[in-house]
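Taking it in order: structure first as structure tokens, then the write-up.
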Amino acid sequence: MHDLGYFRSNFDAVLDRLATRGFSMDRSQFLDLDTRRRAAVTETETLRAQVNADSQEIGKLKKAGADTTAQQESVRAAKDRIAALDEQLKSLDDEFRGILQGIPNLPHESVPVGKNEHDNVEVRREGTPPAFDFPAQPHWDLGQALGILDLERAAKVTGARFAVYWGLGARLERALVSFMLDVHTREHGYTEVLPPFMINSASLFGTGQLPKFAEDLFKCENHDLWLAPTAEVPVTNLYRDETLDADLLPVKLCAYTPCFRSEAGSYGRDVRGIIRQHQFQKVELVKFARPDQSQAELDALTHDAENILRKLGLPFRTVVLCTGDMGFSSAKTYDIEVWLPGQNGFKEISSCSSFEAFQARRAGIRMRAGKKNEYLHTLNGSGLAVGRTWVAIIENYQQSDGTVVVPEVLRPYLQAEVITKRGELK
């Protein structure tokens, strides 16, 4: 949500910045609505002042024994008009909120201007893709041959874009969750939290998924409950309508949750394997920061997510998204992309974003600095998407005989060095 005062005072500049995101709005509609609202507010204030003055005059006239019928009729008429204007203002405010709710966040000034993913800018690249002396296989073939990934039975039980993991495949998924949480809490200073996996509409509004992206979500029939699309939603809303002590910021939280997404609009994309699923696991990093520290905190959060890939020995690159490729609520986003040999390319494994005050204003999350209360800044990022990390390990650590070497840092969790056929230990 935007600051209406800032929006009005910098209207043309705001429209120019929104245009870099490919977003346009009806300028005349907004200005006409704003003009009518201002006129109604001015008339209401004038009438209230008139009613107060007339009421005082009526009191004086009554003490003097004068007839006040005309003055009382004028006050009644003014009050009736005020009541009508209050209803008009409520309707105008609702219309204003409806418009503001559909306007994406303003890009940070450091974000490169562009139209789509082709205009994103690589900021760094680490690690070397493995050089195999055999044809690299994709994870869906490797997983099936090893007996650790079963998409057919998942489709029978539930439908397309779901997966069943067997044996060491399931244990690898569980190990990755534990490993990520351990690193983020023990080395990066995050506090672990286990939130509900179902959230209400107010929570989804607070982080920007509702009302615009309802079709991307799964709704529970006859309940104001939705399946969480990401831990960002429940964790950010832990502080909804609260005021935090600025001296205690940043607050750094991490959480594991399953995530549920309808993947509306992704027809035909990543149809094979488990890259794009309706249900997947993720470890999420969430920060609440002072506005003057949020960009530094975004860089640190991105580094924390990258560090998981460094420890796993997985090649990756980090790109800053251009204005036309950012998410609705984001002011600045870094995407971390991991190398997948089976697909001969990089694939997003984490999005790390600063939302500035956009989410905080929608969710009513403030900070108190001395006697001053203001909206803080929220940030989050995947640390990491567990299923895609599973894919990256299977594809990067594959061997010519179809087995998969377990990264050294995961061996204490799996109690195995190699994943062999049928998930047996070796």
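The values are calculated or read from the model by the stated rules, or taken from the named source; none is laboratory data. From a predicted model like this one, the values you see are computed outputs, not experimental measurements. Please note: Cβ atoms are built from the backbone with ideal geometry, for glycine as well, and neighbour counts cover all protein chains shown. These area figures cover heavy atoms from the full protein model, side chains too; ligands, DNA and RNA do not enter into them. Shrake-Rupley method; radii C 1.70, N 1.55, O 1.52, S 1.80 Å.
So what's the gap between the Cα centers of region 279-352 and region 29-83, to the nearest angstrom?
Region 279-352 and region 29-83 have Cα centres separated by 57 Å.
Explain nothing, just compute: Karplus ³J(HN,Hα) = 6.51 cos²θ - 1.76 cosθ + 1.60, θ = phi - 60°, for every residue of region 363-374 in order, whole Hz, x for Gly and Pro.
Running phi through 6.51 cos²θ - 1.76 cosθ + 1.60 with θ = phi - 60° gives 9, x, 9, 10, 10, 10, 10, x, 9, 9, 10, 8 Hz.
Using the C-alpha atoms of the chain, what convex hull volume per residue, in cubic angstrom, is computed?
That works out to 168 Å³ per residue.
Within the accessible area of the chain, what % is carbon and sulfur when the probe is 1.4 Å and the other protein chains stay in place?
Whole-percent figure for carbon plus sulfur exposure: 48.
Mean Kyte-Doolittle of at least -1.0 plus a Cα span of 18 Å or more along the axis: flag which DSSP H helices in the chain meet both, please.
In the chain, the long hydrophobic H runs are 27-63, 69-101, 168-186, 294-312.
If the cut-off is a Cα-Cα distance under 21 Å, which lysines reach K62, setting aside same-chain residues fewer than 8 apart in sequence?
List returned: K79.
Explain nothing, just the number: dipole magnitude of the chain about its Cα centre with +1 on each Lys and Arg Cβ and -1 on each Asp and Glu Cβ, in debye rounded to the nearest 20.
500 debye
Taking all protein chains together and a probe of 1.4 Å, list T44, T158, T185 from the most accessible to the least accessible.
Of T44, T158, T185, the descending order of accessible area is T158, T185, T44.
Taking the Cα centre of region 15-161 as origin, sum charge times position over the Cβ atoms of Lys and Arg (+1) and Asp and Glu (-1), and report the length of that vector in debye to the nearest 20.
Its charge dipole is roughly 500 debye.
Which GluC sites (Glu not before Pro) from region 158-256 combine a DSSP loop assignment with at most 10 other Cβ atoms within 10 Å?
Answer in residue order: E221.
Return the whole-Å distance between the Cα centroid of region 222-251 and the Cα centroid of region 1-22.
Distance between centres, Cα-based: 26 Å.
Amide H to amide H under 5 Å from S350: which residues, 5+ apart in sequence or cross-chain, H placed 1.01 Å off N in plane?
Under 5 Å from the amide H of S350: I336.
In whole Hz, with x marking every Gly and Pro, tabulate ³J(HN,Hα) for region 233-249 from phi via Karplus 6.51 cos²θ - 1.76 cosθ + 1.60, θ = phi - 60°.
Each residue's phi maps through the Karplus curve to give 5, x, 5, 4, 7, 4, 10, 4, 6, 10, 10, 9, 6, 4, 5, 9, 7 Hz.
So which of K90/K332; K90/K282; K219/K252; K115/K212 end up more than 31 Å apart, counting from Cα to Cα?
In this structure, K90/K332; K90/K282 exceed 31 Å between Cα atoms.
Whole number in Å², please: accessible area per residue of region 159-314, 1.4 Å probe, ligands, DNA and RNA not counted.
43 Å²
Which whole-Hz couplings ³J(HN,Hα) result when phi for each residue of region 123-137 is put into the Karplus expression 6.51 cos²θ - 1.76 cosθ + 1.60, θ = phi - 60°, listed in order with x for Gly and Pro?
Here the 3J(HN,Hα) series is 9, 6, 9, 9, x, 10, x, x, 9, 8, 9, 8, x, 5, 9 Hz.
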